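Report on the following structure.
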Amino acid sequence: MSTLRIEELSASTIVAVNALSLKPGQEQFITPASYAAAAAVTPLDSAWQRVLLDGDQVVGFVHGNFDPDNAHEEFRACLWRINVDASAQGRGVGRYAVDALLAEAKRRGVNRVTVLWERGEQGPEEFFLRIGFKPVGETPYGEVIGAIDVD
């Protein structure tokens with residue numbers, strides 16, 4: 001893998017983001033039900049959407065949300081979505097994306113970032129635990145609420 005870089009989601013990269021591929025079995029873990037419901041009422045100015053590139057190739061997408069006044073603590077500073085192309089998984093792209101989100105959280109004075117995930121084979125739980133998220137609760141839909149402290 002050449003040098004990874006990150007840039008804002010734009011009209012020139014959105015088609016490539018929508019074309020990212022998944023490994024078999026991962027499609028069922030794309031968007032937890034509670035995130036889909038919350039996305040419908042999330043202000044656009046709180047979204048932090050970035051594309052991950054390896055050279056000129058889009059290899060991932062990360063969507064964070066910073067809404068410090070949200071009534072639900074798990075949505076005040078969160079990793080909303082992360083997608084890494086199947087061909088780039090296991091090569092540090094996901095960690096790079098989360099590190100960038102945590103750096104943005106630190107820049108904003110946030111000391112904790114959350115994420116929701118569903119448990120299951122081929123799911124993201126192992127990834128989130130490996131990079132430092134710790135389970136801190138569960139949603140009414142049965143998803144794990146994970147949190148990581150921002151250094």
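The numbers here are math on the coordinates, done by the rules we state, and not lab data. As the structure is a prediction and not an experimental result, all values here were calculated from the model. Positions of Cβ are backbone-derived with ideal geometry, glycine not excepted, and every protein chain shown enters the neighbour counts.
Tabulated data for the structure shown
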item: Summed side-chain charge close to residue 59 - residues other than residue 59 whose Cβ falls under 10 Å, Lys, Arg +1, Asp, Glu -1; result: -1
item: Length added when fully stretched, residue 139-residue 86, from 0.36 nm per residue minus Cα-Cα; result: 16.3 nm
item: Sorted peptide list for 73-82, 132-141, criterion being average Cβ within 10 angstrom, highest first; result: 73-82, 132-141
item: Descending principal axes extents, the range 42-151, alpha-carbon based, whole Å; result: 39, 32, 26
item: Computed FRET value (nearest 0.05) for residue 16 with residue 130, which takes r as the C-beta separation and R₀ as 35 Å; result: 0.85
item: Spacing of the two label points (7 Å from each Cα toward its C-beta) at residue 5 and residue 72, in nm; result: 3.6 nm
